[in-house]
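Only one structure is covered here, and it is reproduced in the block below.
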Amino acid sequence: MVTIVLGSTLAPAQTADPALQRVVTQGRGSLAFILGNTACRQRLLGTCINWDRVLLAMEQGQALGYVAFKHHLRGPFALRVQPFVQEFGRIQGWVRFAAFCLSEYREWRYSFLLYGLRVNKPARNRGIGSALVQACCAQAAADGFKDVFLEVPLNNDRARALYLHNGFRLLRKRWVPFPPVRSMHRLAEPAL
Ligand SMILES: CC(C)(COP(=O)(O)OP(=O)(O)OC[C@H]1O[C@@H](n2cnc3c(N)ncnc32)[C@H](O)[C@@H]1OP(=O)(O)O)[C@@H](O)C(=O)NCCC(=O)NCCS
């Protein structure tokens, strides 16, 4: 049976497991030009995860997917320059870190943001993505928020359909074409 748990309720030994960290750092592929490939993202962000901003779908002790969220200036990743400098050297490390900070700060206008969602390939089409979206909206309601926002890449039809089926509506098109995303909104009710 799949259960959804807040990452911060897991034991420190579990959250220190690189396999669990990889589930979360595999997301953010759209920022590969700043954060590199999946292995690089793991090195940059694996030890910087704010587990109180991550809900995990667990089955028999294994994480099958996650949804991450942001509010009160805190998202799933703590902003630390050190791993960037270690990975890319001083100059390129600072440049990439600054670019990552910019992409993070751009999103602070949303009161509660569904920041990232991913289900491991073998576990897809079992309703886990929908369960994570619903759990994230319930978390927003429990944390006192009325609205949940997210940004979906223009070319991700599957994710957009999933969000539409889970009660989100598309907001009006943005003036700026970059990043190529469309904002969506839903009320933070526990379940539809
Ligand atoms: C998008 C993504 C999270 C969907 O995850 P998922 O677990 O496959 O999602 P679900 O199973 O809930 O829904 C997918 C489809 O499975 C089917 N499905 C849902 N529940 C099901 C169930 N209990 N049994 C069988 N099939 C089911 C439905 O057809 C559903 O499609 P619909 O929402 O259009 O009706 C996953 O494809 C993914 O990780 N993609 C890569 C990362 C990504 O694009 N993230 C979004 C960034 S904005």
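The values are calculated or read from the model by the stated rules, or taken from the named source; none is laboratory data. Owing to the predicted nature of the structure, the values given are computational and were not obtained by experimental measurement. Here Cβ is always computed from backbone atoms with ideal geometry, including for glycine, and neighbour counts include all displayed protein chains. Areas reflect the complete protein model, heavy atoms only, side chains present, ligands, DNA and RNA absent. Shrake-Rupley method; radii C 1.70, N 1.55, O 1.52, S 1.80 Å.
Numbers for the structure displayed
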| quantity | calculated |
| --- | --- |
| Check on F168, farther than 15 Å from S30 by Cβ, open to solvent by less than 40 Å² (accessible area, probe 1.4 Å), touching a His at 6+ places or on another chain (Cβ under 7 Å) and touching a residue at least 40 places away in the same chain (Cβ under 8 Å) | no |
| Criterion (open to solvent by less than 20 Å² (accessible area, probe 1.4 Å) and among the β-branched types (V, I, T)) met by exactly one of V152, V85, V95, V81 | V152 |
| Residues of the stretch 16-36 satisfying the condition of being outside any helix (DSSP H, G or I), open to solvent by 20 Å² or more (accessible area, probe 1.4 Å) and either among the β-branched types (V, I, T) or at pLDDT below 95 (or both) | Q26, R28 |
| Yes/no for R109 being under 19 Å from the mean Cα position of the chain (by Cα), in contact (Cβ under 8 Å) with a residue 40 or more places away in the chain and open to solvent by 50 Å² or more (accessible area, probe 1.4 Å) | no |
| Subset of the stretch 156-172 [in a loop (DSSP other than H, G, I, E, B) and farther than 19 Å from E107 by Cβ] | N166, G167 |
